Amino acid sequence: MTTIGLQNEQTIYDTFPLPVFSRIQYLMATEAADRATQIADEMHTTVEAYVMAQNRGDPKAVLEFFHKSSPTYESTRQMLHQVFLNYKLKNELLGLSFVGTDDPYAYVRIRQRTEKVEGPDFMDNVTDLLVVLRQDEDAWKIWAQALLGAEAVQPGNAAGER
């Protein structure tokens with residue numbers, strides 16, 4: 001281990017001039033920004049694939065996007081079984097915003113339109129969700145979701161789009 005010998009009233013700033021510290025801070029900030037961009041891209045890819053799985057109507061494929069250790073995994077599994085048993089739905093991703101990370105979680109806000117194709121009475125809607133994801137091996141999986149808002153829309157109406 002290397003130590004730095006400081007003389008009397010000398011500080012670390014006297015030994016390493018400010019530009020060196022600025023450069024280190026810049027490199028750290030750049031690395032963090034690059035990682036955030038990478039995670040944001042991964043979130044976008046994951047959510048798009050999740051919506052495509054929903055549109056295929058395959059509850060097992062949709063459930064693969066949920067983290068098996070999530071406290072809501074079992075209730076989600078049961079809910080998906082009932083939804084896909086009774087409905088054929090069309091889902092459209094209207095928007096996705098990467099919110100940030102807080103190790104080990106990543107947060108995205110999504111707007112999604114859901115319309116009934118087949119099944120009993122159903123209110124077509126646009127939902128605004130905050131989705132919490134957590135890595136499971138090398139893949140991001142949904143850990144939890146919070147409904148921020150929902151609005152009913154008429155079939156084929158673009159009212160929910162922004």
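Coordinate-derived values only; no laboratory data. The structure presented is a predicted model; accordingly, all values stated were derived computationally and were not measured. In this analysis, Cβ positions are derived from the backbone assuming ideal geometry, glycine residues included, and neighbour counts consider all displayed protein chains.
Quick look at the numbers
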| item | result |
| --- | --- |
| Fully extended contour minus Cα-Cα distance, from ASP121 to GLU31, at 0.36 nm per residue | 27.4 nm |
| Karplus 3J(HN,Hα) series, Hz, for segment 34-40 with 6.51 cos²θ - 1.76 cosθ + 1.60 (x for Gly, Pro) | 4, 5, 4, 5, 4, 5, 4 |
| Segment 14-152: equivalent-ellipsoid semi-axes (sqrt of 5 x gyration tensor eigenvalues, Cα, Å) | 38, 16, 12 |
| In order through segment 98-104: 3J(HN,Hα) via Karplus (6.51 cos²θ - 1.76 cosθ + 1.60), integer Hz, x for Gly, Pro | 6, 8, x, 10, 8, 2, x |
| Cα principal axis extents for segment 74-162, largest first, Å | 40, 31, 19 |
| Cα-projected label distance for ALA144 with ASN91, points at 7 Å along beta-carbon direction, nm | 2.0 |
